[in-house]
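Okay, so here's the structure we're looking at.
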Amino acid sequence: DGGITQSPKYLFRKEGQNVTLSCEQNLNHDAMYWYRQDPGQGLRLIYYSQIVNDFQKGDIAEGYSVSREKKESFPLTVTSAQKNPTAFYLCASGTGLTEAFFGQGTRLTVV
Amino acid sequence: GESVGLHLPTLSVQEGDNSIINCAYSNSASDYFIWYKQESGKGPQFIIDIRSNMDKRQGQRVTVLLNKTVKHLSLQIAATQPGDSAVYFCAEKSTSGSRLTFGEGTQLTVNP
C-alpha cells in the first residue's frame, strides 16, 4: 500500500528533552517536507529536502533538525532549543514538480 | 518558532449553496498552485491544482480561478455538502524549486 507514514501519532516530551518524529514514504518521491501547525492556524514550513543528503531551512527552522540519509525517510528532531514545541507536525512528500502528499500527522505535547 | 496568534478566516454556507474561498499569494515567481482540504486532526488532502499558464481549471464540483495580475487564487465549490466542512488551504510553489508554501487557510462550515 503506497503512502506516507508518520509515527507516532501522539508524542509527549518533557521539557529539556530532544524527540524525533518519524516520516517514511514508499512513493519514490524526491522531495520531502516538514510543517508545523498550531491550533486554528495554518501550516508553517520547518525544513524541506529536494534530494537525498540535502535539505533547506524553511521559515521556522530554529530549534529543529533533520536528516535525509535515505530517499524514503526524513526524520525531524525537535530539540530542547525549541521553546514552544507543542503543535501538530505534518510531513509531506512529492515529486517536486506537482502536489505534495501528506501523512496523518504527529501531535506533540510538552508535559 | 512562536505562534503568531492569528486565527483562520471563516465561511459559513447553507447546504446546496455555492462556496467561494479566496487566497492571496505573495511570490511573483510562483507558477504552480494547489488547493488542499484538511479535516480536523488529519493531514491535508489534495483537491485541485493549476499552473500559471492557465486562469481556470475545473474538477468535480470544484473550480479554481487564478488571477496573476493581483496574485489571487479562488476555489469555488458547487452545491456545497456537509462533508465539505473543513479547513481549505492554498499552496504555492515555483517549478524551479521544491519549496511549497501555504496560505493562511479558511474554515468552511456547511449548515444543513
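Residues that are touching a Gly at 6+ places or on another chain (Cβ under 8 Å) and assigned to a strand (DSSP E or B) within the range B:17-35 comprise B:Cys23, B:Ala24, listed in sequence order. Look at the range A:88-100: where a residue is free of Cβ contacts under 8 Å to residues at least 60 places away in the same chain and a partner is charged (D, E, K, R) and surrounded by fewer than 21 Cβ atoms within 10 Å (Cβ to Cβ), sitting 6+ places away or on another chain with Cβ atoms under 8 Å, you get A:Phe88/A:Asp38; A:Phe88/A:Arg107; A:Thr98/B:Asp49; A:Glu99/B:Asp49. Among all positions in the range B:84-93, there is no residue which is away from chain A (no Cβ under 14 Å), open to solvent by 60 Å² or more (accessible area, probe 1.4 Å) and touching a Leu at 6+ places or on another chain (Cβ under 7 Å). Each residue in the range B:1-29 was checked for being open to solvent by 60 Å² or more (accessible area, probe 1.4 Å), under 14 Å from B:His72 (Cα atoms) and at pLDDT 90 or above, and 3 of them qualify. Kindly check whether there is at least one residue in the range B:30-53 that is among the hydrophobic types (A, V, I, L, M, F, W, C), open to solvent by 20 Å² or more (accessible area, probe 1.4 Å) and more than 11 Å from chain A (Cβ to nearest Cβ). Looking for residues that are among the hydrophobic types (A, V, I, L, M, F, W, C), open to solvent by 20 Å² or more (accessible area, probe 1.4 Å) and more than 11 Å from chain A (Cβ to nearest Cβ), one finds none in the range B:30-53, hence no.
For (1) surrounded by 19 or more Cβ atoms within 10 Å (Cβ to Cβ); (2) without any contact (Cβ under 8 Å) to a residue 24 or more places away in the chain; (3) out of contact with any Asp or Glu (no Cβ under 8 Å at 6 or more places or on another chain), each residue gets a yes or a no:
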residue	(1), (2), (3)
A:Glu15	no, no, yes
A:Ala31	yes, no, yes
A:Gln50	no, no, no
A:Glu69	no, yes, yes
A:Leu108	yes, no, yes
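Pairing residues of the range B:91-112 that are touching a residue at least 40 places away in the same chain (Cβ under 8 Å) with residues that are surrounded by fewer than 17 Cβ atoms within 10 Å (Cβ to Cβ) and hydroxyl-bearing (Ser, Thr, Tyr), at Cβ distances under 6 Å and at least 6 apart in sequence or on separate chains, gives B:Gln107/B:Thr10; B:Thr109/B:Ser12. A single member of A:Tyr89, A:Tyr35 is open to solvent by less than 10 Å² (accessible area, probe 1.4 Å), within 8 Å of chain B (Cβ to nearest Cβ) and assigned to a strand (DSSP E or B), and it is A:Tyr35.
Listed by position, the strands (runs of 3 or more DSSP E) enclosed by the range B:36-112 that each have at least 2 residues that are basic (Lys, Arg) are B:56-58.
For the range B:59-79, state whether one or more residues are of a type in the set (S, T, N, Q), farther than 26 Å from A:Ile60 by Cβ and open to solvent by less than 40 Å² (accessible area, probe 1.4 Å). There is at least one residue in the range B:59-79 that is of a type in the set (S, T, N, Q), farther than 26 Å from A:Ile60 by Cβ and open to solvent by less than 40 Å² (accessible area, probe 1.4 Å).
Test of understanding: among B:Leu108, B:Leu100, B:Leu66, which residue is modelled with pLDDT of 95 or more and under 23 Å from A:Gly94 (Cβ atoms)?
On the way: B:Leu108 fails: under 23 Å from A:Gly94 (Cβ atoms); B:Leu100 fails: modelled with pLDDT of 95 or more.
Criteria check complete, one pass: B:Leu66.
The values are calculated or read from the model by the stated rules, or taken from the named source; none is laboratory data. Keep in mind the model is a prediction, meaning the values are calculated, not measured. Cβ sites come from the backbone with ideal geometry, for glycine too, and all protein chains shown count toward neighbours. What goes into the accessible areas is simple: the full protein's heavy atoms, side chains included, and nothing from ligands, DNA or RNA. Shrake-Rupley method; radii C 1.70, N 1.55, O 1.52, S 1.80 Å.
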